[in-house]
Amino acid sequence: MTTAPHLAQDGVLIGLSAVVMALKEGEAAALLIHGEGGEAPALPFGPFDPSAHRTFELALRDFVEAQTGLPLGYVEQLYTFGDAGRDLPRAEMGAGARRVVSIGYLALARRAEAPERPDARWTRLIDCFPWEDWRKGRPSLIDDRIAPALRAWAGGNTTARARVDALFALSGLRWNEERVLDRYELLYEAGLVPEAARDHGRSAAEPLPGLALASDHRRILATGLGRLRAKLKYRPVLFDLMGDRFTLSELQRAAEAVAGLKLHKQNFRRGVERAGMVEPTGTLSNATRGRPAELFRQTGADAVGHAPGLSLPAAR
């Protein structure tokens with residue numbers, strides 16, 4: 001990349017942010033780096049060095065493993081985050097750096113292995129976005145705090161009110177689990193998350209529950225979760241979070257943990273089996289209570305290279 005030295009000279013650095021997700025104790029979790037002295041947690045983040053790395057992805061894999069001891073499996077590029085005015089407590093990586101262009105990546109791990117570094121920890125996604133968990137029904141947080149605060153913020157602006165209703169399933173509208181980033185950005189715009197007060201030099205009022213992250217890393221994390229939820233429906237990415245063998249109940253719980261939805265058991269199983277995504281192994285699991293459950297494995301792509309996603313039939 002021949003332009004990198006010029007960019008660095010102009011005070012622009014290319015950073016790489018990793019949204020590393022896995023299932024930990026039945027919950028979708030992200031790997032975060034926790035600093036000392038009350039510093040906000042951050043995603044694994046590092047600079048791209050064109051003299052040391054041939055590609056962005058190789059650089060990402062190297063520094064994530066160096067920071068956490070965790071080798072990455074599935075990786076895909078998310079988005080380039082280059083807004084001026086980003087708060088940069090973690091991202092400013094050089095003297096005189098004025099701006100960091102951060103390229104976000106989504107990475108999946110089959111096991112939430114304990115990181116080698118003590119400051120790297122798995123954190124439940126619902127701890128960062130508690131309003132995104134609908135597995136036990138509509139979160140009371142939405143009606144008790146989010147909806148009143150957002151409607152007060154929107155006032156008589158019909159466009160803003162329609163945006164509030166659409167994103168948080170108000171006025172009888174349907175919840176769209178994929179719009180994680182849109183919801184977080186609306187809460188930020190309305191000043192309801194602590195990052196908004198921090199970035200604008202204001203004292204925080206009563207921010208909503210949810211773990212605040214360094215810089216714009218919660219925005220990047222929201223992008224990763226929204227992307228993964230969308231991909232569940234057209235690519236078999238859920239299997240990149242599973243072990244080699246699993247019960248259908250374990251597969252459903254994994255899908256629910258990622259999507260934040262309670263799924264209809266029989267319809268989910270019929271959809272998985274009809275699509276030919278799994279096959280029985282001929283062995284039983286002893287990890288379940290009561291009757292042992294049959295273990296399955298992923299079949300992979302079909303003969304013409306198709307690898308379907310999952311049907312997500314929500315329970316009513």
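The values are calculated or read from the model by the stated rules, or taken from the named source; none is laboratory data. Quick caveat: nothing in here was measured; it's all calculated off a predicted structure. Glycine gets a Cβ as well: all are built from the backbone with ideal geometry, and neighbour counts include every protein chain shown.
Worth pointing out:
- Residue 231 meets all of the listed conditions (1) surrounded by fewer than 17 Cβ atoms within 10 Å (Cβ to Cβ); (2) in contact (Cβ under 8 Å) with a residue 60 or more places away in the chain but one, namely (1).
- In segment 50-84, of all residues being in contact (Cβ under 8 Å) with a residue 40 or more places away in the chain and among the β-branched types (Val, Ile, Thr), the one that is farthest from residue 14 (Cα to Cα) corresponds to 68.
- You will find that of 26, 46, 69, the residue that is in contact with a strand residue (DSSP E or B) (Cβ under 9 Å, 6 or more places away or on another chain) and exposed (fewer than 14 other Cβ atoms within 10 Å of the Cβ) is 69 and no other.
- Restricting segment 107-123 to residues that are closer than 14 Å to residue 44 by Cα and not charged (D, E, K, R), the residue that is farthest from the chain's Cα centre (by Cα): 118
- Helices (runs of 4 or more DSSP H) fully within segment 94-190 counting 2 or more residues that are surrounded by fewer than 18 Cβ atoms within 10 Å (Cβ to Cβ): 147-154, 158-167, 180-189
- Flag for residue 165 being at pLDDT 95 or above, more than 21 Å from residue 228 (Cα to Cα) and touching a Ser or Thr at 6+ places or on another chain (Cβ under 8 Å): yes
- Residue list for segment 31-73, restricted to those being in a loop (DSSP other than H, G, I, E, B) and charged (D, E, K, R): 36, 39, 49, 54
- Residue in segment 199-222 that is in a helix (DSSP H, G or I), within 20 Å of residue 153 (Cα to Cα), without any contact (Cβ under 8 Å) to a residue 24 or more places away in the chain and over 17 Å from the mean Cα position of the chain (by Cα) present: no
- Residues of segment 259-316 satisfying the condition of being of a type in the set (Ser, Thr, Tyr), at pLDDT below 90 and surrounded by fewer than 13 Cβ atoms within 10 Å (Cβ to Cβ): 288
- Qualifying residue in segment 53-76 (condition: in contact with a Ser or Thr (Cβ under 8 Å, 6 or more places away or on another chain), over 23 Å from residue 254 (Cβ atoms) and modelled with pLDDT of 80 or more): no
- Positions within segment 191-210 being aliphatic (A, V, I, L, M), out of contact with any helix residue (DSSP H, G or I) (no Cβ under 7 Å at 6 or more places or on another chain) and surrounded by 16 or more Cβ atoms within 10 Å (Cβ to Cβ), in sequence order: 197
- Residue 249 vs. criteria outside the structural domain of residue 21 (by TED's automatic domain parsing), touching a residue at least 12 places away in the same chain (Cβ under 8 Å) and more than 18 Å from residue 43 (Cβ to Cβ): yes
- Residue count for segment 9-28 under the criterion of being under 27 Å from residue 55 (Cβ atoms) and outside any loop (DSSP other than H, G, I, E, B): the result is 12.
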